[in-house]
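K.L.:
Can you read through this structure? Questions will come right after.
No lab work stands behind these numbers, since they all come straight from the coordinates. For clarity, every value in this text was computed on a predicted model and none was experimentally measured. Note: ideal-geometry Cβ built from the backbone for every residue, glycine included; neighbour counts use all protein chains shown.
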Amino acid sequence: MLLDRQSLGYGAAPVLTGVSFALAPGERVALLGRSGAGKTTLLGALYDALLAQGNRVALVPQEQGLVPQLSVLRNALMGRLDDHGALYNLTNLVRPRAADRAGVGEVLSILGLSPQTDRAVEGLSGGQKQRVALARALWRGGDVLLGDEPVSALDETQGAEILSHIAARFNRVVLALHDVDQALGFATRVVGLKDGRVVLDATPADISRARIEALYA
Amino acid sequence: MPEHLSRLQVTAGLLLLALLALPFADLTLAGHDPRGVLWRMAQGFLAPDFSAVDEIGRALLLTVMFAVAGVAAGGVAGVIMAPFYDRPGLRAFCIALRSVHELFWALLLLQVFGIGALTGVLAIALPYAGIFAKVFAEHLDEADQRSARALPKGVDALSRFLYARAPLALEPMRIYALYRLECGLRSSAVLGFIGLPTLGFQLDSFFRQGEYGAASAIMILYVALIASIRLWMRWRLVPVWIAAALGVLASVQSPPMGQGALWRFLTEDIVPVPLRGGCDGAALADWLRDILTMEALPGLVATVICAQIALALTGAVAFFGFGLIVPRVSGRVGAALGHLGLVILRSFPEYMLAYLFVQVFGPSMLPAILALSLHNGAIIGHLLGRQAEALCPDLRADAPRGATLWGWELVPRLFGPFLALCLYRWEIILRETAVMGLLGVMTLGFFIDSAMAELRLDRALVLLVVAGGLTAAVDALSRAIRRRLGTGALRRVPRETLLGERA
């Protein structure tokens, strides 16, 4: 059990109350709900709980957290900084090692970013930046991926491709998504948030369209 | 110069200049017993001796009073000039005022007013007036212009200014004035080294008598004074402080100057020798060539060599040092220690640090370069560290810590501001390098000091113009480079934090 009847949020007024959450092996969860419903808050709490259990977690935050002045390659390399000591990281910053370059290169080619490998992130388009944040998480790898609207700036085809790639690479995934069809196609389990509570938690097959629409009403 | 310069090009250029200067720099150890002096100083500093209460108290009091009076006078003059700063004549006048160092102003004023309170106050007030006018004018420009535009058409200029322009710029101006007072405390302390009764004078006499414990005591109190400035300098107390300064400074005893000193200075002393007996063009040309080739040129070259090396080292100190005050990089204890180190280094003016190093290493470029790079590096490091701390809460949740955070997240994000700050400090470092000549380093100040000592004020004036011209030229160059770095490298840093310690 990751969360057990917890209230989540900042300060006096919690964003979510009475949240319980477990994540079984092989599960792919899509979080649905209107903006402000608490998806980001829930992801933050899950991140802390997963780390506390000693999981290796890859993260795609909504604001991406890229360093605009650095190249695509180096931003992606950041996914594995905690695997090495400071000396390795500092020398790798000055001149990335061939092995790391090759490893990240594979990820970047999957995401269609190979031509931009050595370009500074500040000159990229919104969709490209989002894919750099994804590249960082894919390069990090691990057991779990948490993503907050990780494909919102990509077109449908590209988004679907990347989601299926994520599904293949990570054993457990939790994503906040706003495209309902995309979510239903990707997830093995859908969690709906509304009015500060979890109001829906079922497999896509068991959910009627009306219940999902009610989330956004 | 090309239309755009990359950060890499500018950094490489500055490093290259420093490397080229290195073989020509005089970095010898000229002190006869550096280790012994260092040992005695260290012993004294570890055992501060506060027993010379009278001398220490009076030196600190006068240091504050000179600073308050000088900054206040400069501030008032700056406020009056700021609205008209866009007029070329006034702008040139202000550039001239601020491109001459306080110590040089003091040396010049000594000839006219003697070693009295007026010399000290004006030596601070004159250059500060030029700086205040420029910065206040920028504050006025940056303030929201919409209220002024919303006024009815017929409003006269003064009312328009007082109602819709000045109030909007008041807050940054107040913050800046407080920062300038801190600078004034440093300037005032340093004026003691040429004989005014402030901290530098007392420190010098303690050193001459080998009383390192007393020197340590006065320096500890001085750092405490600067660090606590926000406690004792309240905006409401300003009139009280100014009244106190006038009262105390009026009581400063000074040897009287002969009648008509100012008149003699203007009509005789600073008139070139060949012109005193009548106009002799050929003699004047010889005279000028002699000064320019024998004194101005060697002084200029030495000043530039010393300053460029100091600038590169300043950058290195700041670049590697700013992480020290960021808890996510150096830990809570490390950050506290880092803060302490940077506070101490930036409280002591370059000149005073150089004075200490000269006691140990003797008068070569080494003490000057060390002092300049430690002081300026600490200032830039402090400003960058504060920006880095402000960045930390917004980093992604899985961002690293320690040196990795410094290298991967902080350095890339802050390299632009870092470079802008170094370029901004370039002019300041050059000004200070010229003045280091008073300590025996062969920069421009050395030749100015010698000319003054021989009472050849006409020569000193030519050299002062050269020093001022050099400062103004580097200021213009630095501004041109900053503009070509693009993305408003300077604009992203608010004026107060760029110059000041705390916004």
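K.L.:
Just want the ordering: B:Ser373, B:Ser330, from fewest to most Cβ atoms lying within 10 Å of their own Cβ. Before the final figure, lay out each step's value.
P.N.:
Working: B:Ser373 24, B:Ser330 20.
So the ranking, lowest neighbour count to highest, is B:Ser330, B:Ser373.
K.L.:
Related question: Mind giving me the FRET efficiency for A:Ser114 and A:Ala210? R0 is 60 Å, r the Cβ-Cβ distance, nearest 0.05 is fine. Don't skip to the answer; put the middle values down first.
P.N.:
Numbers: r = 44 Å, r/R0 = 0.73.
The formula returns an efficiency of 0.85 here.
K.L.:
Please work out the Cα convex hull volume for segment B:44-111 and give it in Å³ per residue. Kindly include the intermediate steps, with their values, before the conclusion.
P.N.:
Numbers: hull volume 9.9 nm³, N = 68.
So the per-residue hull volume is 145 Å³.
K.L.:
Could you put B:Ile325, B:Ile448 in order, starting from the residue whose Cβ has the fewest other Cβ atoms within 10 Å?
P.N.:
Working: B:Ile325 25, B:Ile448 30.
Going from sparsest to densest Cβ surroundings: B:Ile325, B:Ile448.
K.L.:
Relative contact order for chain B: what percent, with Cα pairs under 8 Å and sequence separation of 6 or more?
P.N.:
Working: 679 pairs, mean separation 112.2, N = 503.
Result for chain B is 22 percent.
K.L.:
Here's something else I'd like to know. Sorted from largest down, give the three principal axis spans of the alpha carbons of segment B:1-78, whole angstrom values.
P.N.:
59, 48, 20 Å, listed from the longest principal axis down.
K.L.:
Determine one quarter of the surface area of the Cα convex hull of segment B:215-306, which equals its mean projected area, and express it in nm² to one decimal. Before the final figure, lay out each step's value.
P.N.:
Details: hull surface 49.1 nm².
The orientation-averaged projected area of the Cα hull of segment B:215-306 comes to 12.3 nm².
K.L.:
Still on this structure: Pairs of alpha-carbon atoms within less than 8 angstrom and 6+ residues apart define the contacts here; what relative contact order does chain A have, in percent? Write out the running numbers ahead of the final one.
P.N.:
Values: 353 pairs, mean separation 66.3, N = 217.
Rounded, it is 31 percent for chain A.
K.L.:
When averaged across all projection directions, what area in nm² does the alpha-carbon convex hull of segment B:315-375 cover?
P.N.:
With every direction weighted equally, the projected area is 4.2 nm².
K.L.:
B:Ala243 versus B:Glu454, label points 7 Å from Cα toward the beta carbon: distance in nm?
P.N.:
5.1
K.L.:
Show me B:406-419, B:72-85, A:92-105, B:183-196 ranked by packing, highest mean number of other Cβ atoms within 10 Å first.
P.N.:
Working: B:406-419: 21.5, B:72-85: 19.6, A:92-105: 14.4, B:183-196: 25.2.
So the peptides B:406-419, B:72-85, A:92-105, B:183-196, ranked by packing, come out B:183-196, B:406-419, B:72-85, A:92-105.
K.L.:
Output the Kirkwood hydrodynamic radius of the protein assembly as shown, Cα pairs only, in Å rounded to one decimal.
P.N.:
Details: mean 1/r = 0.0338 Å⁻¹.
Over the protein assembly as shown, the inverse of the mean reciprocal pair distance is 29.6 Å.
K.L.:
Which residues does a label at B:His4 reach in segment B:462-485, if reach means a backbone N under 19 Å from a point 7 Å past the Cα toward the Cβ?
P.N.:
It comes to B:480-485, nothing else.
K.L.:
Rounded to the nearest 0.05, what FRET efficiency do B:Ile344 and A:Asp143 give with R0 = 51 Å and r taken as the Cβ-Cβ distance? Could you check? If you can, show how the numbers build up before the last one.
P.N.:
Working: r = 49 Å, r/R0 = 0.95.
E between B:Ile344 and A:Asp143, to the nearest 0.05, is 0.55.
K.L.:
Something else now. Figure the gain on full extension for B:Ala472 and B:Phe45 (residue separation times 0.36 nm, minus the Cα-Cα span) and round it to one decimal in nm. Before the final figure, lay out each step's value.
P.N.:
Details: separation 427, 0.36 × 427 = 153.72 nm, distance 3.87 nm.
My answer for the length gained is 149.9 nm.
K.L.:
What FRET efficiency comes out for the pair A:Asp201/A:Asp155, r = Cβ-Cβ distance, R0 = 25 Å, nearest 0.05?
P.N.:
Details: r = 30 Å, r/R0 = 1.19.
My answer for the efficiency is 0.25.
K.L.:
Can you give me the pair-distance distribution of segment B:250-390, C-alpha pairs, 10 Å bins, whole percents?
P.N.:
11, 23, 19, 21, 15, 8, 3, 0
K.L.:
In whole Å, what three semi-axes, largest first, describe the equivalent ellipsoid of segment B:46-177 built from its Cα gyration tensor (square root of 5 times each eigenvalue)?
P.N.:
Working: eigenvalues 272, 69, 26 Å².
Working from the Cα gyration tensor, I get semi-axes of 37, 19, 11 Å.
K.L.:
In debye, nearest 20: dipole of segment B:89-153 around its Cα centre with unit charges on the Cβ of K, R (+) and D, E (-)? Let's see the in-between values first.
P.N.:
Working: 6 positive and 5 negative charges, 54 e Å.
So the dipole magnitude of segment B:89-153 works out to roughly 260 debye.
K.L.:
Here's something else I'd like to know. For the pair B:Arg230 and B:Asp141, how long in nm is the line joining their label points, each one 7 Å along Cα→Cβ?
P.N.:
The modelled label-to-label distance comes out at 2.9 nm.
K.L.:
Per DSSP helix of 4 or more residues, -39500 (n - 2.57); summed, then divided by the residues of chain B. What does that give at 222 nm, rounded to the nearest 500? All intermediate terms of the calculation are to be shown ahead of the outcome.
P.N.:
Working: 25 runs with 361 residues, N = 503.
The per-residue figure over chain B is -23500 deg cm²/dmol.
K.L.:
Can you give me the span-like helices of chain A, meaning DSSP H runs with 27 Å or more of Cα extent along the axis and Kyte-Doolittle mean at or above -0.5? Show your work: numbers first, answer last.
P.N.:
Details: long enough: none.
Helices meeting the span and hydropathy rule in chain A: none at all.
K.L.:
Tell me, in nm to one decimal, what length is gained between B:Leu27 and B:Ala148 on full extension, where the rule is 0.36 nm per residue of separation less the Cα-Cα distance?
P.N.:
Details: separation 121, 0.36 × 121 = 43.56 nm, distance 5.62 nm.
Gain on stretching B:Leu27 to B:Ala148: 37.9 nm.
K.L.:
If N is the number of residues in segment A:147-217, what value comes out of its Cα radius of gyration divided by 2.2 N^0.38 Å? Show your work: numbers first, answer last.
P.N.:
On the way: Rg = 12.3 Å, N = 71, 2.2 N^0.38 = 11.1 Å.
Normalised by 2.2 N^0.38 Å, the Cα Rg of segment A:147-217 equals 1.11.
K.L.:
Counting C-alpha atoms alone, how compact is segment B:38-267: give Rg to one decimal and Dmax as a whole number, in angstrom.
P.N.:
20.5, 72
K.L.:
In terms of modelled amide H atoms, which long-range or inter-chain residues lie less than 5 Å from the amide H of A:Lys194?
P.N.:
Amide H neighbours of A:Lys194, under 5 Å, 5+ apart: A:Val199.
K.L.:
On to the next question. Hey, which aspartates and glutamates would be in cross-link range of A:Lys39, C-alpha to C-alpha under 16 Å, not counting anything within fewer than 8 residues on its own chain?
P.N.:
Output for A:Lys39: A:Asp48, A:Glu63, A:Asp148, A:Glu149, A:Asp179, A:Asp195, A:Asp201.
K.L.:
Here's another thing I want to ask about it. Given charges of +1 on the Cβ of Lys and Arg and -1 on the Cβ of Asp and Glu, with all other atoms neutral, how large is the dipole of chain B about its Cα centre, in debye to the nearest 20?
P.N.:
Values: 42 positive and 36 negative charges, 352 e Å.
It comes to approximately 1680 debye.
K.L.:
Still on this structure, I have one more. What fraction of the Cα pairs in chain A, stated in percent, has a spacing above 24 angstrom? It would help to have the intermediate numbers written out before the result.
P.N.:
Working: 10256 of 23436 pairs.
Of the Cα pairs, 44 percent sit more than 24 Å apart.
K.L.:
Using just the alpha carbons, could you tell me how many Å³ per residue the convex hull of segment B:388-486 encloses? Show your work: numbers first, answer last.
P.N.:
Values: hull volume 12.2 nm³, N = 99.
Convex hull volume per residue, Cα atoms: 123 Å³.
K.L.:
Binning at 10 angstrom from zero up to the longest distance, how are the C-alpha pair distances of chain B distributed in percent?
P.N.:
Pairs per bin, as whole percents: 4, 17, 28, 28, 16, 5, 1, 0.
K.L.:
Another one. Based only on Cα atoms, what mean projected area does the convex hull of segment B:353-411 have, in nm²?
P.N.:
One quarter of the hull surface, i.e. the mean projection, equals 5.0 nm².
K.L.:
Can you tell me the Rg and Dmax of segment A:18-102, counting just the alpha carbons, in angstroms?
P.N.:
Final numbers for Rg and Dmax: 16.6, 49 Å.
K.L.:
Rg and Dmax in Å for segment A:9-55, alpha carbons only: what are they?
P.N.:
Just the Cα atoms of segment A:9-55 yield Rg and Dmax of 11.8, 36 Å.
K.L.:
Out of A:Leu177, A:Leu59, A:Leu50, any idea which swings most in a Gaussian network model of chain A, alpha carbons joined below 10 Å?
P.N.:
The residue with the greatest mean-square fluctuation here is A:Leu50.
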